[in-house]
Amino acid sequence: MKTNKMGARLNWVRILLWASAMAFSPQVNAQSTEKEAEPPIDAPSPEDPALLTVSPQEQNASEAESRVSILEAQIAGLQGQLDDIKKQIPKASPTWKGAPQWADTDDGWSFKVRGRFMADAGYISEPANYAANRNLGFNARVRRVRIGVEGGLPGGFGYKAEVDYANAAVGFGDVVLTFNQSAKPFTATLGNFESLDGMEQMTSSRWSSFIERAQVNDAFGNTRRIGATIGFKSSDSLFRFDTGMFVAHSIDASIDNDGWIGAARATYTPWVGKGFVHLGASFQHRQFQSNDNGVASSSVGAPSTNQIGRYRA
């Protein structure tokens, strides 16, 4: 019994000592914290003038940091300008496609120089009894000397202009403004161009099958005239239909002819094997003034390489 009583007293003593220690430790910690928070006796006052001044070394360091920040901003700006210049270099550099050309595909601008030079030369031997005939022997003739420009404009517009200097005379080729958006089926052309004639007449002299075109083109005065057309094309560009109105003269001819021409042309070009077949028909109604010697009736052509119909002078 005495042993149990002594053990109980020891337990109560331990509990009292632990409670005293827990109550005393926060006070000790608070006192130690307060003592650590107190500034040292020799610490300068916040109002000390020495703290309000900057040493030359610190001032120089601050100015250097400012200059470095300014230089970094300038370098970043120059790098941005350099990146823009690098993007513009391909646009300013010409490429070659038969002639120098410039293109900006982002904005839709393009410019290309175009032209052609064609000359004829021939020799016919002179028989002995026609030695004085100056039309035989060797002869040469410059057929075409053209120079021009072509290109595209934003919004699906295009342009082309050519001038011909052959045989000491200045004449005009195609001088047109076009509208042809790739995703749209409608087209428009305004200017001096072929009046929706047959395929042979409308094919460029660079790609014609023969040196001379068929006489039917000259017989009925097929040529470029001032006018405007609108057209429709299928999504695969195999079918086209164009119609328009023209005056009776070209851009480099006399304007005393007050006649007019109504024209239409339809073509279909299906693929056959590795090639294709061109099928087409063209129609023209020409109305010239009374003192003109040109044709003054309607003409119908089928296929578009020929114009067959009734004419009167």
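If R0 is taken as 45 Å, the Cβ-Cβ distance between MET245 and GLN74 corresponds to a FRET efficiency of 0.15.
Only protein heavy atoms count here; on that basis, with a 1.4 Å probe, PHE193 has an accessible area of about 20 Å².
Remark: spin-label model distance GLN215-GLN57 equals 10.8 nm, labels positioned 7 Å along the Cα→Cβ axis. Volume per residue of the convex hull around the Cα atoms, evaluated for the range 76-226, comes out as 179 Å³. Note on exposure: ASP242, ASP197 ranked by accessible area (1.4 Å probe, complete protein assembly) read ASP242, ASP197, with the most exposed listed first.
Would you list ASP252, ASP164 from the most to the least accessible area, probe 1.4 Å? Don't skip to the end; give the middle numbers.
Numbers: ASP252 75, ASP164 25 Å².
Sorted by accessible area, descending: ASP252, ASP164.
Ligands, DNA and RNA excluded, the heavy atoms of GLU63 present near 80 Å² of accessible surface to a 1.4 Å solvent probe. Give the calculated FRET efficiency between GLU126 and TYR165 to the nearest 0.05, with a Förster radius of 30 Å applied to their Cβ-Cβ distance. About 0.40, to the nearest 0.05.
Per residue Cα convex hull volume for the range 145-290, in cubic angstrom? If you can, show how the numbers build up before the last one.
Values: hull volume 20.0 nm³, N = 146.
Considering the Cα atoms of the range 145-290, their hull volume per residue is 137 Å³.
The values are calculated or read from the model by the stated rules, or taken from the named source; none is laboratory data. Every value quoted in this text rests on a predicted model; they were computed, and no experiment measured them. All Cβ positions, glycine included, derive from the backbone under ideal geometry; neighbour counts span all protein chains shown. Areas reflect the complete protein model, heavy atoms only, side chains present, ligands, DNA and RNA absent. Shrake-Rupley method; radii C 1.70, N 1.55, O 1.52, S 1.80 Å.
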